[in-house]
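Computed from the coordinates by the stated procedures, all read-outs in this text should not be read as laboratory data. Everything numeric here is computed off the predicted structure, so don't read it as measured data. Neighbour counts are summed over all protein chains in view; Cβ atoms, including those assigned to glycine, are modelled from backbone coordinates with ideal geometry.
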Amino acid sequence: MMFGKKFQRKYALTDQGVRNTKAGTFWTVVVNLLTMAGMGILYLMIKGYMDTFLNGAALPKAWTILIMVLVFIVLSLITHIQQYRATYGLVYREIKAVRINIAEKLRKLPLGYFGKRDLADLTETIMGDVNRLEHVWSHCLGYLYGSFISTGIVAVMLFIYNWKMAIACLWGVPVAFILLFGSRRITRRESEISKKAAIQVSDGIQETLESMREIRATNQEARFLKALEDKIDKHERIKRRGELITGVFVNGASVIMRLGVATTILTGAGLILSGQIDFMLLFMFLMVITRIYAPFDQALALIAEQFMSQISANRLMEIYDTKAAEGKESFKPEGHDIEFRNVGFSYDDNQVLSNVSFVAKEGEVTALVGPSGSGKSTCARLAARLWDIDEGSIEVGGVDISTIDPEVLLSDYSMVFQDVVLFDDTVMENIRLGKHGATDEEVLAAARAANCDEFVSRLPDGYSTVIGENGAKLSGGERQRISIARALLKNAPIVLLDEATASLDVENETKVQGALSRLLEGKTVLVIAHRMRTVEAADHIVVLADGKIVEEGRPEVLRATEGSRFRHMAELQASSAKWSV
């Protein structure tokens, strides 16, 4: 079928998008055929007057012609409105649903997906590729397929009239499109090269903006700007080359198609001289030919964009085809013990965790320690199903978390990470993210418990102060306390702390630790830390190395055990602290 599943995937259309394309195609066919009917009315009028002057026939009645013209105008108005609605109005409404669907899909994808995708590349897919497809859906598909169908219907009628004239009139259309479709491979390759160059430019701009402080500190402005300028120049050269190649094929196809006018005149003149047709038949074909080519003008102008849109569609379908993290909407655990059972996890082909088994008990603080790259942070993220494991199982209160919808699961989790993410909004609203619909009194109570009052009182508008992008107007310790206030406001039974105090000075760390002590009371707590003194008060220690558990137990027992990995790490840090003093 013309609009089957293959067509749907080819242009990344939703089911509604396919229906819109069908509607656009139908009304384009109606408009094109009605326009041909208008040419027929004109032909009948001229033929009537020619018969009157040449053969003495009666003149066509004026009221008959007037009625035909009025009917034609009314039908043209109605059909053009319907065509516009089907090819533009429906698509523009549909594109809103497409963007929402993409956002919903991205929201449900596992975190590992975003780790594998370049941010600039993903942004280009969401913004640039969707915009390109929107233009193709609204400006090209309905017009192109509608023109094919209406031209096919007209071609049959022309062949019935005179097959020789029909061939002379129509031969250029298939030849032109054979040329264009034959150039798809070249056009698509140029589009892919241009897309990669555009992503490199986006990467360069993003990298320059994010690294501006370091660039200025090292006096590297000239080098970075020169590299960015080279990327922009390269993209412009590739874009010009691609447009030149596309222009050669498109204009070549248009010229070939227009040669049909010449062959129609030559063939018609020959047939008139031989007495096979009269001048009025040639005149009719010349009128028809002007309308046969007109519907393809817009399609030809956008055919290259249609070819390139298939690359955008493939990138969009890659998002749709990625398996989402799904599960049951009900989560009723018996307690909140977190149990890892023979868990294995790989990132790409790199084994990160292997046969990891431990239990983080409710009401206790379980600390994950080990050298960098040992898998501590990975364990914390797997415990919240931010990624899905490859082997084994993770249970919370006896429930396998892989069977629970991540959003439902995360309602029982509070997370405080070293890298705090804040929004360009007020302090109050940044804390309120912890609990949707929380009252101002609840937010302020959580803020006080997280020791936020101290620094908020110095801000110009207090809790109504806008703190800038990612909290640019705040210090690291202040940003961290807002993160803890969020977690306190949420008051979830499970708390994950990933290096929550690693980047803080002693004074700020003390204040944050005070806030954390209120957050952790009675919860299931999983702590990741490099500083051994941070986990001295933990109830249980799990030591990882190379993605495996090498020892676990209470901190005082591990510290007292001769040759234990935990004792060795604690002694190294103590020695390092002595030398730093």
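The alpha carbon centroids of the stretch 152-224 and the stretch 12-41 are separated by 25 Å. Fewest-first ordering of V31, V557, V130 by other beta carbons within 10 Å of each residue's beta carbon gives V557, V130, V31. Here the extension length gained between I265 and N219 equals 9.4 nm, from 0.36 nm per residue of separation less the Cα-Cα distance.
Each of E305, E454 was scored by other Cβ atoms within 10 Å of its Cβ. Listed from fewest to most, they are E454, E305. Positive end of the dipole of the chain, charges at C-beta (+1 Lys, Arg; -1 Asp, Glu), about the Cα centre: which of I401, V359, L281 has its Cα farthest in that direction? Comparing the listed Cα positions along the dipole, L281 ranks first. Ranking of R381, R341, R458, R486 by neighbouring Cβ atoms within 10 Å, starting from the fewest: R458, R341, R381, R486. Relative contact order of the chain, taken over Cα pairs closer than 8 Å and 6 or more residues apart, is 14 percent.
Placing unit charges on the Cβ atoms only, positive for Lys and Arg and negative for Asp and Glu, gives the stretch 10-319 a dipole magnitude near 380 debye about its Cα centre. Rg then Dmax, both in Å and based on the Cα atoms of the stretch 418-491: 10.6, 29.
Beta bridges assigned by DSSP with both partners in the chain are antiparallel in approximately 50 percent of cases. Restricting the calculation to Cα atoms, the chain yields a radius of gyration followed by a Dmax of 35.2, 124 Å.
Considering only the Cα atoms of the stretch 10-319, their convex hull presents on average a projected area of 21.0 nm². May I ask you to list, by number, the DSSP H helices of the chain whose Cα span along the axis is at least 24 Å and whose average Kyte-Doolittle hydropathy reaches 1.0 or more? Flagged H segments are 62-84, 142-161.
Assuming a ≥ b ≥ c are the square roots of the Cα gyration tensor eigenvalues, decide whether the stretch 374-476 counts as rounded (a/c under 1.5), prolate (otherwise, with a/b larger than b/c) or oblate. Because a/c hits 1.5 or more and a/b exceeds b/c, the stretch 374-476 counts as prolate. Beyond 25 Å between alpha-carbons counts as too far, so tell me which of K108/K548; K116/K328; K195/K473; K6/K234; K332/K523 fall in that bin. From the list (K108/K548; K116/K328; K195/K473; K6/K234; K332/K523), the Cα-Cα distance tops 25 Å for K108/K548; K116/K328; K195/K473; K6/K234. Think of it as helices only: each DSSP H run of n ≥ 4 in the chain is worth -39500 (n - 2.57), and spread over all residues that comes to -20500 deg cm²/dmol at 222 nm.
Rounded to the nearest 20 debye, what is the charge dipole size of the stretch 83-198 about its Cα centre when +1 sits on each Lys and Arg Cβ and -1 on each Asp and Glu Cβ?
In total the dipole reaches around 220 debye.
Spatial offset of the stretch 93-125 relative to the stretch 399-457 amounts to 24 Å, using the alpha carbon center of each. The modelled label-to-label distance between S211 and V466, using points 7 Å beyond Cα along the C-beta direction, is 3.0 nm. Near F417, the amide H atoms lying under 5 Å from its own belong to D498; only residues 5 or more places off or on other chains count, and H is placed 1.01 Å from N. Summing charges over all other residues whose Cβ lies under 13 Å from the Cβ of F331, with Lys and Arg as +1 and Asp and Glu as -1, gives -4.
Place a +1 charge on the Cβ of each Lys and Arg in the chain and a -1 charge on the Cβ of each Asp and Glu, then give the dipole magnitude about the Cα centre in debye, rounded to the nearest 20. Numbers along the way, then the final one.
Details: 66 positive and 69 negative charges, 579 e Å.
For this selection, approximately 2780 debye.
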